[in-house]
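Report on one structure; see the data block that follows.
No value in this document is a laboratory result; all are computed from the given coordinates. Everything numeric here is computed off the predicted structure, so don't read it as measured data. Note: ideal-geometry Cβ built from the backbone for every residue, glycine included; neighbour counts use all protein chains shown.
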Amino acid sequence: MLVLVDNHRQPSPTPSFQPPRPLRTAAFFDLDKTVIAKSSALAFSRPLYRGGLINRRAVLKSAYAQFVFLAGGADHDQMEKMREYLSSLSRGWNVQLVREIVAETLHDLIDPLIYDEAASLIEEHHLAGRDVVIVSSSGSELVEPIGEMLGADHVIATRMAEADGCYTGEIDFYAYAGNKASAIRELAAVEGYDLEHSYAYSDSITDLPLLEAVGHPFAVNPDRSLRREATAREWPVLVFDRPVQLKQRSPGLRVSSRPVLAAAAVGAAATAAGIVWYAARRRSATA
């Protein structure tokens with residue numbers, strides 16, 4: 001039997017094995033009452049009052065807002081009214097001055113409020129190879145430095161409109177409720193995060209869309225509505241109750257090696273409060 005062999009025929013290429021690409025995942029943290037023990041935006045009222053820079057009525061209004069916030073009793077309408085009131089205070093303030101104020105006051109006011117449990121979780125997620133993203137309704141001039149302090153890889157926050165280097169009092173992007181979920185989906189598309197294998201932490205029912213957007217949602221110090229929802233859905237409920245200064249913790253929190261991505265801008269309460277305090281300090285220093 002004659003067998004013809006084609007010596008010019010090229011052998012079929014051996015298919016190369018392509019290992020599956022590892023999943024990129026992230027942990028998304030709400031800020032207030034999840035990472036820190038108070039409202040980041042309202043934390044500036046006491047030093048203003050001690051310096052005689054805001055009146056008792058303004059202090060009481062901030063104190064009441066803080067009480068409602070901590071008690072978990074603020075509903076959507078109350079939060080909207082507070083947002084409108086606080087955002088109007090920032091109209092006309094210089095953007096660069098705001099950044100300087102936050103840089104000067106941040107550590108004294110915010111560092112002692114960080115939950116030890118939250119800081120430990122951030123460490124654990126980084127050790128597991130996950131990015132950490134802070135997602136807050138406060139403004140990025142406040143949230144971004146906090147994110148850097150915590151070693152966050154990205155920040156999503158509220159963005160106020162600017163014109164000629166000053167805030168107009170209008171809001172370009174409000175990082176609240178469903179907007180948070182939309183923002184993390186956009187970030188996930190850019191960074192390649194698999195949200196089904198990612199984590200999210202929040203205390204508020206208004207962050208339900210954020211928690212629903214990931215495969216591993218956690219309720220932290222939840223308000224009554226979120227606690228009911230978490231129970232119904234069998235989501236884990238965490239209790240954080242140990243605020244501690246980062247410098248008092250054992251070493252662990254890393255500093256992010258790349259710039260924090262701010263998806264937003266100023267927190268109006270911190271903005272207005274800090275500016276008045278800062279200006280008064282300058283006046284007293286030159287008197």
Item to check | Per-selection Rg to Rh, segment 172-245 - Cα, Kirkwood hydrodynamic radius | outcome: 1.01
Checklist entry - Taking 0.36 nm per residue of separation and subtracting the Cα-Cα distance, what length does fully extending ASP241 through ALA189 add? => result 15.3 nm
Checklist entry - How far apart, in nm, are the 7 Å Cα→Cβ label points at GLU196 and LEU127? => result 2.9
Checklist outcome for this item: The long-range amide H neighbours of ILE36, using H built 1.01 Å from N in the peptide plane and a cut-off of under 5 Å, are TYR115
Item to check | Distance (nanometres) between label positions extended 7 Å along Cα→Cβ at ARG99 and SER120 | outcome: 3.7
Item to check | Nitroxide proxy distance, nm - points 7 Å out along Cα→Cβ at ALA163 and GLU234 | outcome: 5.4
Checklist entry - For segment 192-208, what does the Karplus curve 6.51 cos²θ - 1.76 cosθ + 1.60, with θ = phi - 60°, yield as ³J(HN,Hα) per residue in whole Hz, taken in order and with x for Gly and Pro? => result x, 6, 8, 5, 5, 9, 9, 10, 8, 9, 7, 9, 10, 5, 5, 9, 4
Checklist entry - Whose amide H sits under 5 Å from the amide H of ALA27, counting only residues 5 or more places off or on another chain, with H placed in the peptide plane? => result ASP131, VAL132, VAL133, TYR199
